[in-house]
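Inspection log for the structure reproduced underneath, given as structure tokens.
The values are calculated or read from the model by the stated rules, or taken from the named source; none is laboratory data. In this text the structure is predicted, and so the values were computed from the model without any measurement. Cβ: placed from backbone, ideal geometry, glycine included. Neighbour counts: every protein chain shown.
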Amino acid sequence: MNHELIAARYAAGSVLVVEDDAYVAFDLRCVLTGMGYHVVGPVTSLTDALRKITDEKPDAAVIEMTLGEEATPKVAEALNAAKIPHFFIDGHATGPNLKTYRDQPLLSNPYDYHSVLEALEDILKRCCRLEWDLGEPRRSQNPLVKGIEGNTTPPDLDRRFALFLDLDGTLLEIAATPDEVVVAPMLASLLAKLHRGLDGALAIVSGRPIAEIDRLLDPFCSSAAGEHGAAVRYDDGTLEELPVGLAIPPLWREALAAAADYLPGVRVETKPHGLTVHYRLAPESVNDVWRLLRALVPSDHPRFKLVPAREAVEIGRRSVSKSDAIKRLMRQTAFRGRHPIFVGDDFTDEVGIRTARDLGGMGLRVSEVFDGDPAMVRNWLLQGVEHLSGRSPRPTPTGIHL
Ligand SMILES: [Mg+2]
């Protein structure tokens, strides 16, 4: 049922919320809707929960432990019977943040919405893996995808492929702030060799503005998508970007910058077309950040959306995504007819992963295929250069980081 739910979360995932505290229920609804999930409920009673499970068959569920001594186990039993992955939250108990209840994750105080999202992703992944292990049918019949979706090794690169690479968390290690990233010394020349080996079919697809991508990878320069596709540069230098008039309103930027002054460690990064609020240095402020942004951008806003990122939340145009950027870049001569491979690490990359697979290629999550380590991505690319040049790839000596 759910093996592609993570990739499809922006389109189709539904989550049942069983929570009897109105304020917590409202916040859960906001944050899950912001993630693109359809929220079933929230409901407050056993009867309503059982009805929703039967009638709406949600893809996952979040259950408040204090629903009642009898009610909570009965909801859990119904979810188990329906094979719906779920986890529990307990707003009253304190102690270790993550425990288990009936073999499912249990978040106790103090939990925040980042933990909730992680727990949700965890149960969905477990569900995916279970279906994979059981050998149930996959959604893609593409033989190239075989062996990749199941968390195995990445392919040897050859000229059948076009490569789309995210930057932060994929080619670069995540730093405390975006300005503090360290670029591996050989990365620019490695990308240049790959670009040549793939006859130009390589593009960087990042949330950063294109000017920043160029600065970080200088002197390497290729086709690229910046700000999740709000700007796309083609190989011939042509730039397509959203008109500045469609960027987020200046008043929002000013309001968020002023509000961030009251949240130490929270950093507002403004971009030509969008804006990102980072809370990596102040994880305790995650709920405040979400409430602040949700007040500006309701879940049904016609033009803008909130996009969760790694310890950050972004405001972007609804019409913009990495999926759209990949499709546009694939129209270029160098890319046409090839199988796209997209590599990404973040929530915002899931649509790109799905699109690459839909276009007959592969979507590789850094966490699954490269142990979450950008150095392993770079080592794979180095081996790709060797393959493309016709030389046997040499193993990278252990301890050497590109
Ligand atoms: Mg990334």
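Quick rundown of the values:
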quantity	calculated
Residue count, segment 189-200 (criterion: part of a loop (DSSP other than H, G, I, E, B) and either small (Gly, Ala, Ser) or modelled with pLDDT under 95 (or both))	1
Listing of helices (runs of 4 or more DSSP H) fully contained in segment 1-104 that carry 3 or more residues being modelled with pLDDT of 85 or more	46-56, 71-81
Near pairs, Cβ below 8 angstrom, 6+ apart or cross-chain, from segment 332-355 (without any contact (Cβ under 8 Å) to a residue 60 or more places away in the chain) to any residue that is within 11 Å of the ligand (Cβ to nearest atom)	355/322
Yes/no for residue 211 being touching a residue at least 24 places away in the same chain (Cβ under 8 Å), surrounded by fewer than 18 Cβ atoms within 10 Å (Cβ to Cβ) and in the same structural domain as residue 347 (by TED's automatic domain parsing)	no
Segment 301-347, subset under 13 Å from the mean Cα position of the chain (by Cα) and of a type in the set (Lys, Arg), residue nearest to residue 157 (Cα to Cα)	322
Those residues of segment 351-388 which are within 16 Å of the chain's Cα centre (by Cα) and over 18 Å from residue 204 (Cβ atoms), in sequence order	354, 357, 367, 368, 369, 371, 372, 373
Residues (part of a loop (DSSP other than H, G, I, E, B) and of a type in the set (Lys, Arg)) located in segment 201-232	208
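To keep it simple, each residue is scored yes or no on (1) away from the ligand (no atom under 16 Å from the Cβ); (2) modelled with pLDDT of 95 or more; (3) under 21 Å from residue 382 (Cβ atoms).
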residue: 129; (1), (2), (3): yes, no, no
residue: 171; (1), (2), (3): no, yes, yes
residue: 187; (1), (2), (3): no, yes, yes
residue: 204; (1), (2), (3): no, yes, yes
residue: 212; (1), (2), (3): no, yes, no
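Each row is one residue, and each column tells you yes or no for (1) within 16 Å of the ligand (Cβ to nearest atom); (2) within 21 Å of residue 242 (Cα to Cα).
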residue	(1), (2)
272	no, yes
276	yes, yes
285	no, no
291	no, no
313	yes, yes
318	no, yes
